[in-house]
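Structure record follows, encoded as structure tokens.
Quick note: the coordinates plus some simple rules give every number you see, no bench work behind them. This one's a predicted model, so the numbers in the text were calculated from it and none came from an experiment. Here the Cβ is made from the backbone with ideal geometry for all residues, glycine too, and neighbour counts use every protein chain on show.
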């Protein structure tokens, strides 16, 4: 796993309610494939916190549909 800083190519999927982006975030690497979307490599800027999550795979058409529905 590469460095867990918030600039390491991951999307922020959960943040602290205080609104400060660097406060407490959960990041994930999102990989798009022809028919699926995968969330993997969960982390944050604090390397002492490890997350044993995923990978999670989603149907790409349904995933994109949900993104548009909630935008």
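At-a-glance table
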item: Gain in span if fully extended, residue 11 to residue 40, counting 0.36 nm per residue against the direct Cα distance; result: 9.4 nm
item: Tilt relative to the chain, helix 60-69 - C-alpha long axis, 0 to 90 degrees, to 10; result: 70
item: Shape category assigned to the chain from the gyration tensor of Cα positions, a/c cut at 1.5; result: oblate
item: Relative packing of 20-26, 65-71, 31-37, which averages over residues the other C-beta atoms within 10 Å, highest first; result: 20-26, 31-37, 65-71
item: Paramagnetic reach from residue 21 in region 37-71 [backbone N under 18 Å; point 7 Å along Cα→Cβ]; result: 43-46
